[in-house]
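Report on the following structure.
Readers should treat all values here as calculations from the given coordinates under stated rules, not as data from a laboratory. As the structure is a prediction and not an experimental result, all values here were calculated from the model. Positions of Cβ are backbone-derived with ideal geometry, glycine not excepted, and every protein chain shown enters the neighbour counts.
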Amino acid sequence: MEAITRKIRRDDASTSSLPSTAVSLTDLDDACLVTASQRGELAAFDELIRRYHSRIYGTLYHMTSNHEDADDLTQESFIRAFKALKRFKGDASFYTWTYRIAVNLTINFLKKRHRRAYHLSLNDMDIQVENHPELVALISNKTPRGEVRIHELQQKLNEAMLQMSEKHRLTVTLHDIQGMSHEEISKIMDCNVGTVRSRLFYARQQLQGYLADYLP
Amino acid sequence: MDMKEQHTQDQEALRKLISLKRHETPPPDHGDLLASRIISRLEVDRIAHRDPFLWRIFRNLSFRPALSVVYSLVMIALVCLGRDVAEVPSANPQTFQAGVLSFQVPGAAWFRTSIDSSQHSMKLPSREMTAGLMGKRSRPSIQPTLQFTGSGLSPLTQPMGYPLLQP
């Protein structure tokens, strides 16, 4: 069903200002898709969403620790990005530009929410995590009898993340979870690389303090 | 173990612990649903903020000068064609002549008598108007005498207010 929908959307796109039908939307680069989206082509913007929604959603989830909030914020971020697309000059990549919108939106949201109680489902964890060698070693090293379950650890980790300020949390999320470089983070957070390093250092110090019971 | 080595070990352990969050994944098919919802919201928003119909036409015309010129030429051609086809009574002397001839038939003579004696004054304008209207719409080839004998009706079906012609 989804494949059919995608095909129809691509057919729609092919009749518009996008390149010929022989070229699939997935083959186009971001710049071409952005240009088509600026003309109002929703099929092109749909392709951009599919390329980047998982990473943006992941970041927003780690910022909020709540799937519903992350879902709403991701939707709102892409909608705002589409509406502001005419002002996009191409100075940064579409990915960085959208990321910046999402991050600013999330920081404002978190300031309003201010440590609202969050819900974390145990099903949110990937099943493979139970067999993750590094985590198994870490837990076994700390608790040989296995009194600390992995989901409890996840719960504590999320609580520790929420204890940090939004900017420190965002830095840890982008670097240690999403695996971005300092330079990329500096572009997204609109600050210099030194600030990113400094925030990362203090954020890790804080996390070590909160999670001292779970570290060797 | 010096402080630096201890710090490195702590950082490594923390890094492993934080990597646990990489396994927190959204439900299956979440990505497709999310993209569909975003596109749906954009479509709804686009429909809700659509410009009025006339403004869209005007905008399209203004952005397509060639289309505007073609449209204007078509409209001018239609007006000229309509003017050429239309018949103006005052400009056609035969139509007027037809009206004059119609008064020479006996029925018309009776009506002229009625005008002079101020009788049936309410009926005369309708007869004259009928003749005038018929003259506007008709071609000169149509004989005006046919129009005037009982307003196109046979003598048996004439209205009661119109007396039959006596020879």
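Once label points are set 7 Å from the Cα along Cα→Cβ at both A:A84 and B:F58, what is their separation, rounded to one decimal in nm?
3.2 nm
In what sequence, highest mean first, do B:36-44, B:74-82 appear when ranked by Cβ atoms within 10 angstrom?
Ranking the peptides B:36-44, B:74-82 by packing returns B:36-44, B:74-82.
State, to one decimal in nm, how far the label point of A:S181 lies from the label point of A:Q155, with both points 7 Å from Cα in the Cβ direction.
So the two model labels end up 4.0 nm from each other.
Going by average Cβ neighbours within 10 Å, how do the peptides B:2-8, A:62-68, B:23-29 rank, with the highest at the top?
A:62-68, B:23-29, B:2-8
Hey, got the average number of other protein chain Cβ atoms within 10 angstrom for residues in B:37-50?
Mean shielding count: 4.
What nm value, rounded to one decimal, do you get for the distance between B:R22 and B:L67 when each label is placed 7 Å out toward the C-beta?
Placing both labels 7 Å beyond Cα along the Cβ direction yields 5.3 nm.
Averaged over peptide A:177-186, how many Cβ atoms belonging to another chain are found within 10 Å of each residue's Cβ?
1
Could you tell me which of the pairs A:K112/B:K21; A:K89/A:K112; A:K112/A:K187; A:K167/B:K21; A:K111/A:K187; A:K86/B:K21 are separated by over 28 angstrom between their Cα atoms in the structure shown?
A:K89/A:K112; A:K86/B:K21
Could you work out the mean count of beta carbons from other protein chains within 10 Å of each residue's beta carbon in A:203-214?
Average per residue, whole number: 2.
May I ask you to order A:75-84, A:175-184 by the average number of other C-beta atoms within 10 Å around their residues, highest value first?
A:75-84, A:175-184
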